[in-house]
Amino acid sequence: MLPFPHLGELGSSATHLMLVIGVASVMPLVIDPKRRWHRSLLLGVAALLALRYMWWRATETLAPPELSFSMIGSWLLFALEALSIVSSLSAFLILSHFKLRSEEADAHAGWWGAQEPRVAILIATYNEDKDVLERTIVGAKYLRHRNKEIIICDDSRRDWLRAFCEQLGVRYMCRPTNEGQKAGNINHALDRLAEDPVPPDFVAVLDADFVPHRGFLSRTLALFHDPGVGLVQTPQHFFNQDPIQHNFNLGRSYPDEQRFFFDHMQPSRDGWGIAFCCGTSSVARWTALREIGGFNTESVTEDFMLTLALQNQGWRSVYLSEPLSEGLAPEGLKEYVTQRARWCLGLMQIARSSLGPLSSNNLRLRDRWSVADSILFWTTTYPFRIAAIVFPLLYWFFDIIVVNARLTDVISYFGAYYFWILLTLNYLTRGMVVPILNDVSQLLGAIPISRAAFTGLFKPHGHPFSVTAKGGDRSKVVVQWRMMMPFLAGFVLTLTGLLLGIVFDGFATFAAGDGKWVILFWSLYNLAVLAVTCLACIEMPRKELHVGDQPERAVLSTDGRHHELWITSLTMGTVRIRGLQLPVRSAGHLMIADIPGRISFRVLAEVGDGLRLQLRPTEAQREALFVKLYADGHEPGVTEVNLWKLAKDIFRSIAPRRS
């Protein structure tokens with residue numbers, strides 16, 4: 001019986017959607033996203049709707065159990081979808097908890113008393129250039145914590161880097177071979193530190209392109225007041241835009257792809273006691289590292305493996321959700337995908353390692369669940385994204401019905417589930433889940449990541465280690481044709497199948513009944529996703545590595561006259577000012593807050609109602625600029641979605657440019 005018989009079947013189904021949207025609209029009035037029971041209520045409803053949807057799929061939408069292509073396609077899609085739902089249910093359970101430790105860090109600041117603990121800061125490097133390393137070294141030198149030693153761990157044995165370290169007054173280490181990749185590099189440094197007359201109390205690890213903020217050590221060390229804490233992880237922030245942000249000009253309206261994990265998933269994992277190390281921007285207790293024998297080398301994701309090794313010995317890992325470092329996100333699509341495929345491969349290696357969820361070890365049940373959840377994510381999310389593109393084509397070209405469902409039921413079961421999840425997650429994560437854009441970010445790497453997932457499960461070792469390249473020349477438009485081809489082919493096939501199904505009766509017959517409307521909408525959505533994915537494969541040139549977006553006052557001097565004006569953007573080499581016009585190539589001096597003395601400049605160009613200046617800083621001014629731009633504690637980028645700005649940015653990125 002229909003719940004609203006006077007509305008008819010379609011109206012009754014639409015009422016379910018209206019009910020979901022209506023309840024979700026009052027969330028901000030009654031729900032506190034940081035309270036555990038409020039989060040549990042929202043995500044518990046999501047879990048019930050997911051189970052309701054899957055029950056409907058299992059009992060009413062599958063092809064009959066007889067040997068046919070429709071049965072194979074229908075049941076295969078259902079199996080992939082069911083595994084994805086299991087992964088989602090696990091994520092809902094994790095997200096139901098949430099822990100922030102800033103107040104704990106405040107309460108225990110300086111717990112060590114007058115004698116600061118000794119910290120070794122390990123900066124692991126392989127192929128990064130001088131400019132990238134200089135930022136990180138300068139940031140480490142300017143940390144407020146005084147009792148520290150900065151150590152460059154060079155796995156390429158570069159003579160120029162040894163000399164550069166001597167110039168900057170930091171310690172240089174290298175090793176004769178490269179066994180164990182990054183983990184082996186760090187282990188070599190730990191063994192050398194153990195030979196020192198006074199070993200460190202704590203070890204901080206930074207990637208070569210990550211600059212610590214000045215409070216990085218003082219804030220993280222505060223959480224080691226608990227003697228059971230073996231490691232503190234902090235979030236990773238980025239001062240450049242990731243490929244999706246940049247190629248669509250979304251850097252000021254859409255957060256980088258990792259904000260969901262670092263700002264929402266990691267605090268939730270910490271609420272369960274299963275936050276894990278992410279490599280850079282972490283601090284570990286020296287005694288804990290020596291007890292477990294350093295970094296485990298069974299996986300290329302040595303950071304996650306380190307967490308498990310610590311937990312296996314009874315140590316805890318905690319998470320401090322504060323912006324305490326910033327670094328370089330992969331700027332090219334190939335590097336972006338390579339990095340994520342390596343993460344996936346590393347998780348599969350962990351699954352087959354001595355610390356895997358099914359291995360005989362001392363891990364708690366929740367630690368095993370933590371690994372299983374990650375394995376589920378990598379093995380279901382990306383294969384299902386591929387399946388979502390491929391399966392509608394089976395209907396258009398081969399008349400294979402993979403979902404036999406009435407439109408009204410789809411609205412009632414899938415629609416209610418989908419909109420509740422969308423609205424709930426966006427409320428809990430400040431708008432992080434944006435349809436199409438989220439699909440694009442997953443689809444871009446779906447093929448290599450799926451390959452890495454199943455290759456890693458069945459053959460965990462013997463794969464080359466891929467280093468994520470950072471920096472480099474990004475001054476030209478680059479079309480990643482090889483990466484685009486599968487998506488372009490999917491777009492053409494989907495569009496062709498859609499047109500053939502409309503024009504010719506021989507294709508996509510009406511045997512699917514109402515299900516044809518489902519496939520129609522599904523295909524139209526796929527066309528939008530595939531089109532945007534193809535556009536994302538067109539890499540736009542990058543002109544500036546970092547921009548300080550907060551306007552501030554400065555004093556410009558030229559020809560004996562002084563002008564107080566606004567800085568609208570600032571990089572290491574250039575500055576844009578507003579409110580003054582000068583001839584191109586004229587010179588002068590600029591005084592900027594927190595920078596010693598006056599910085600020499602030359603006018604490069606007129607820009608609107610201002611100028612672009614080329615800076616010529618001294619060495620001392622250059623160091624001060626590094627600190628101001630990268631280490632002063634500001635949170636770079638955006639952390640939540642602004643839908644109005646996002647819509648405007650997307651329109652600008654695809655609209656023809658006016659002269």
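The values are calculated or read from the model by the stated rules, or taken from the named source; none is laboratory data. In this text, all values refer to a predicted model and were calculated from it rather than measured experimentally. FYI the Cβ positions are ideal-geometry reconstructions off the backbone, even for glycines, and counts take in every protein chain you see. Accessible surface areas use protein heavy atoms only, side chains included; no ligands, DNA or RNA. Shrake-Rupley method; radii C 1.70, N 1.55, O 1.52, S 1.80 Å.
Quick notes
- Axis of helix 8-25 versus longest Cα principal axis of the chain: the two differ by about 20°, to the nearest ten degrees.
- Between 392, 16, 428, the Cα set farthest toward the positive side of the dipole of the chain (charges on each charged residue's Cβ, about the Cα centre) is that of 428.
- In the frame of its principal axes, the stretch 313-429 has Cα extents of 55, 37, 32 Å, reported largest first.
- The orientation-averaged shadow of the Cα convex hull for the stretch 76-234, equal to a quarter of the hull surface, comes to 13.6 nm².
- Relative to the dominant Cα principal axis of the chain, helix 515-536 is inclined by about 20°.
- Fraction of C-alpha pairs exceeding 27 angstrom in the stretch 227-355: 22 percent, rounded to a whole number.
- Order by protection proxy (mean Cβ within 10 Å, highest first), peptides 555-562, 274-281, 438-445, 574-581: 274-281, 438-445, 574-581, 555-562
- Cα long-axis angle, helix 159-168 against the chain (0 to 90 degrees, to the nearest 10): 60
- Mean Cβ count within 10 Å, highest first, over the residues of peptides 87-99, 357-369, 303-315: 303-315, 87-99, 357-369
- Efficiency of FRET from Cβ geometry, residue 27 and residue 59, R₀ 35 Å, rounded to 0.05: 0.70
- The number of Lys pairs in the stretch 71-197 with C-alpha atoms less than 26 Å apart, excluding pairs fewer than 8 positions apart on the same chain, is 5.
- For the stretch 13-104, alpha-carbon Rg relative to the globular expectation (2.2 N^0.38 Å, N residues): 1.46
- Rounded to the nearest whole Hz, the Karplus-based 3J(HN,Hα) values (6.51 cos²θ - 1.76 cosθ + 1.60, θ = phi - 60°) of the stretch 72-89 follow the sequence 4, x, 5, 6, 5, 4, 4, 4, 4, 5, 5, 5, 5, 5, 4, 4, 5, 4, with x at glycine and proline.
- Simple spin-label estimate for residue 75 and residue 571 in nanometres, 7 Å along Cα-Cβ: 5.8
- For the stretch 395-455: rounded, prolate or oblate by the Cα gyration tensor [a/c cutoff 1.5]: oblate
- In this structure the stretch 549-659 gives 59 Å² per residue of accessible area when probed at 1.4 Å with all protein chains present.
- Taken about its Cα centre, the chain carries a charge dipole of about 740 debye when Lys and Arg each add +1 at the Cβ and Asp and Glu each add -1 at the Cβ.
- Projecting the Cα atoms of 69, 496, 308 onto the charge dipole of the chain, computed from C-beta unit charges around the Cα centre, puts 496 farthest toward the positive end.
- Every helix of 4 or more DSSP H residues in the chain counts as -39500 (n - 2.57), and over all residues that averages to -15000 deg cm²/dmol at 222 nm.
- Positive-end ranking of 560, 441, 228 along the dipole of the chain, with charges on Cβ about the Cα centre, is headed by 560.
- Couplings 3J(HN,Hα) for the stretch 200-215, derived from phi with the Karplus relation 6.51 cos²θ - 1.76 cosθ + 1.60 (θ = phi - 60°), are x, 8, 9, 10, 9, 10, 10, 5, 5, 9, 10, 9, x, 6, 5, x Hz, where x marks Gly and Pro.
- Cα convex hull of the stretch 610-652 - mean projected area over all directions, nm²: 5.3
- Once the Cα gyration tensor of the stretch 548-593 is diagonalised, semi-axes √(5λ) in Å: 17, 12, 10
- Reach of residue 476 by Cα under 16 Å, taken over aspartates and glutamates that are not fewer than 8 positions away in the same chain: 331, 539, 544
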